[in-house]
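Quick notes on the structure that follows.
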Amino acid sequence: MIRFSDVRYALRLWRRHPTMIAVAGLSLGLGVGATTTMYSVVNRVAHYDLGFADEGRLVVVWRANPERGIREQPLNWLVQRALLEHGRLFESIGFFQGSAMPVTLTGTAETRRVSQVPVDVNGLSVVGVPPLLGRTFRLEDFDDVVKQKEARAIVITYDTWQRLLGGAAGVIGMSIHVDGEPRTIIGVMPRGFQLMPWVDDVAFWTANDLRKIPDAAWMIAVGRLKPGVSRETAQAETAAITRQVLESRGEKPSGITARVIPLREEYFGGPTRALSFLLGAVSFVLLIACANVANLLLAAGTARQKELALRAAAGARRGRLMQQLLTENLLLALVGCGFGLVLALWGTRLFALIVPTGFPDLLRHISLDARVLAFALGISISSSLLFGLMPALRASRVDLNDVLKEGARGSSGGRRRGRSLLLVAEVALSMVLLVGAGLMMRSFLGEQRKLPGFDTTRLLTADILLGGAKYFNKTPQDTNVVTPQVEVFYDRLLERVRALPGVTRAGIISRLPADVWTHPFTIVGRPMPEPGKESQADFNEVDAHALDTLGIRLLRGRMIQERDTASSPWVAVINKTFADRHFGGHDPLGQAIRISIGRGGEGARIEPQPRQIVGIVADVTYPSFFTETPAVVYVPFRQHLAEYAPGEDEWLHTGKVLAIRASIDPLTLVRGVQDAVAHVDRDQAARDFLTMDQRIAASPSVTNSRFIASLFSVFGTLAILLAVVGVYGVMSWVVGQRTTEFGIRMALGARAGDVVAMLLLQSLGPIAIGVLLGVAGGFGLSRALNSMFWNMTSADPVVLGGIAALMLAVALVAAWVPVHRVTRIDPQHALRQG
């Protein structure tokens, strides 16, 4: 039980030693603040409130085939119907697409690009959230469809209602145009509602009649289990019914099974594990802080031995002394917790600032809730008591005679060794984090120097995605048929853009470098690989001027030309990495490849004819933090499939990035390009006008790399700050407690410089050992980072050597500042005080 007298005594002691308390409180506060910040982020993700009704019964249902390496394959409508009609475990099953699709919205204040998410008739109702206004989808909505399977009715988000439609009171029944087609609003979902927390920029949901495409398997199936049903039981029933459906269709269900995963685990399992890795990294900061506090408490306990011995001799029991010391530690924990919470509040705001633009809003709104407060208080008290327990035990287990004898000899060698070991630990831990930060920053800065590998001067870019039945439509087999109007649109647009004053060149490309989308391919004349194990290459449609506009150099052969049309032999231009990786020392020119549009294996759509390689161009530099440089295939814009698989594949042809090389400030061309798009088709729009430099800087690969590097840099900065504070605090305490000893030494003839050198040499040993251990730990960390991030070296001597030198120099400076006070000691004054 805490006594008020112990608290008053502790406060009086703190007034006599403000430096020690400030250093200990600052150390603990920094450790608690950094760890609490990351815990707040993990807590936000792990306990994010989806707002779904009885969320624990919601699961994601996948088809799997381990024999063929398939872990998660979407179900189709046939299996869904069988599960609901013949199964006993699911109340309902709904489908929705796992990503948003951009569309053009008209009928509002201005034409704009927004995102929609396709669902089935149960996609919104399965999660049990009623609409704020109107209703969700019903089967009768499919009596009026567009694109052969989409209901004309849509359900919009609260934000769309307020921001785009002005919160109109008569919103239900209102008509807006999506990709040129009129759509009727039948419902508005509540504020903040999201089907997927990682896709939070959705404008509305469209409904697909999966009865018309029963074999289609491109949406995520979310089921609501009946009360009391376990995931394992549902998984077994799903696997059995899936096999029955396949057998009824004459297919062989060999190896077919199922995976049923709780919806929360599906949404947050991966991100929580990734963030927990960062929480583990920042825990090093807390360990360093605890080592600081333990070192200071050990030094303070040594200095208070006479006081405690006299109190013990006067009759104080050991338990009473322990109570006093632990009360002091508890007060210190509360101070550290308070300071740490203030830092955590700032830290969560800093985290929100460095989160990349493409990350969801849930990572930008981090709060310190009851769990976070309990976590901060828990680690503060436990760390302070745990790391203060050993010094308290030592200090309370004292003998007056031993203390008096030891007072003549000086501080105990065992206690000095204890402080040295703690100093070694904090320097080593700081080194490990600094090495991680150094490796991440070196890799990131190295990337920035190389990017993008072509000329970005005065290069304007804009995204265009054609929508509506004018450009593509659905077949009864749920494939997307593109129309000749796509080529007409882009031909007319390029003609008008190239005529704009200040434009020197212009071209179109499916995706700019740094946005990689790989497809499987085979080399004609070589053995066919097993399905799903084909080589992959980035696939990019370009017109005859795109590569020249971007400044990508031709190395051999020729570029794509205007004569490469649908009726001429199909051709391809590859990059140097493709040539080196797949042809080695052989000449790829004249060789043929066959490309599949899709993910490979089942469902891949193979191009109708092979492509002859006619040119090799230089590599561009891709952000390589997370992936190796890809092999790339550039193909003519006019040579493409007529039909594409459902989902995203038609975007290869209907969606393009417009690249414009200018002789003037490229951003001054934006209005002219917008007018050109509107002149060609007023129902379409160009968006995301950015210079190429802005585009590269905003690339997800670059921003993700910068985000991880920034976090490690913050951790490393905190680590070295704590190491400096710890070394300074301990050496300052040592100098203060050994003033009499130093006065005697100087009275006997020792020079102040000799005493300073002696103390620095004493501190150099533990610091040097800590640096060496930190280098070894940093080497291990670099191997771990190399396994997670591409293009990070396992051992970088520049980083290891530079950080070791920095740590050694900073630690010695931190030791020298308090040690230098020895030169100002007056021997006579020190002897009188002693």
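The values are calculated or read from the model by the stated rules, or taken from the named source; none is laboratory data. Please read all numbers here as calculations on a predicted model, not as lab measurements. Neighbour counts are summed over all protein chains in view; Cβ atoms, including those assigned to glycine, are modelled from backbone coordinates with ideal geometry. Ligands, DNA and RNA are stripped out before the accessible areas are found, and what is left, the full protein with its side chains, is counted by its heavy atoms. Shrake-Rupley method; radii C 1.70, N 1.55, O 1.52, S 1.80 Å.
In order along region 274-286, the Karplus-derived 3J(HN,Hα) couplings, from 6.51 cos²θ - 1.76 cosθ + 1.60 at θ = phi - 60°, round to 5, 5, 5, 4, 5, 5, x, 5, 6, 5, 4, 4, 5 Hz, and Gly and Pro are given as x. The slack between Glu72 and Gln612, meaning 0.36 nm per residue of separation minus the straight C-alpha distance, is 190.9 nm. For Asp49 and Val199, a Förster radius of 22 Å and the Cβ-Cβ distance give a FRET efficiency of 0.85, rounded to the nearest 0.05. Look at the Cα gyration tensor of region 244-301: its axes a ≥ b ≥ c give a/c of at least 1.5 with a/b over b/c, and that counts as prolate.
Reducing region 1-79 and region 335-357 to their Cα centroids gives an inter-centroid distance of 13 Å. Each residue, Leu555 and Asp515, gets one label point 7 Å from its Cα in the Cβ direction; the gap between the two is 2.6 nm. Where the centroid of each part is defined by its Cα atoms, how far is region 694-715 from region 483-522 in Å? Each part reduced to its Cα centre gives a spacing of 28 Å. Loop-resident GluC sites (Glu not before Pro) (DSSP state other than H, G, I, E or B) in region 518-612 with no more than 13 further Cβ atoms inside 10 Å of their Cβ: Glu562, Glu602.
Computed 3J(HN,Hα) for region 10-20, one whole-Hz value per residue from the Karplus formula 6.51 cos²θ - 1.76 cosθ + 1.60 where θ = phi - 60°, is 5, 5, 5, 5, 5, 5, 7, 10, x, 4, 4, glycine and proline marked x. Among the listed pairs Lys149/Lys470; Lys147/Lys212; Lys149/Lys252; Lys533/Lys656; Lys474/Lys533; Lys212/Lys252, those whose Cα-Cα separation exceeds 22 Å are Lys149/Lys252; Lys533/Lys656; Lys474/Lys533; Lys212/Lys252. When the Cα positions of Pro66, Pro118, Ala46 are compared along the charge dipole of region 42-125, Pro66 comes out farthest toward the positive end, with charges on each C-beta of Lys, Arg, Asp and Glu. Between Leu386 and Val813, the contour length at 0.36 nm per residue exceeds the alpha carbon distance by 150.7 nm.
Just check region 125-181 against the gyration tensor rule for me: Cα atoms, a ≥ b ≥ c as the square roots of the eigenvalues, rounded for a/c under 1.5, and otherwise prolate or oblate depending on whether a/b exceeds b/c. Note, shape of region 125-181 comes out oblate.
Net charge near Thr242, counting Lys/Arg +1 and Asp/Glu -1 over other residues with Cβ under 13 Å of its Cβ? Result for the local shell: +3.
Computed over protein heavy atoms with a 1.4 Å probe, the carbon and sulfur contribution to the accessible area of region 35-112 reaches 43%.
Treating r as the C-beta distance of Arg671 and Arg231 and R0 as 60 Å, the FRET efficiency rounds to 0.60.
Restriction of the trypsin sites (Lys or Arg not before Pro) in region 178-211 to DSSP coil positions whose beta-carbon has at most 11 other beta-carbons within 10 angstrom yields Arg191.
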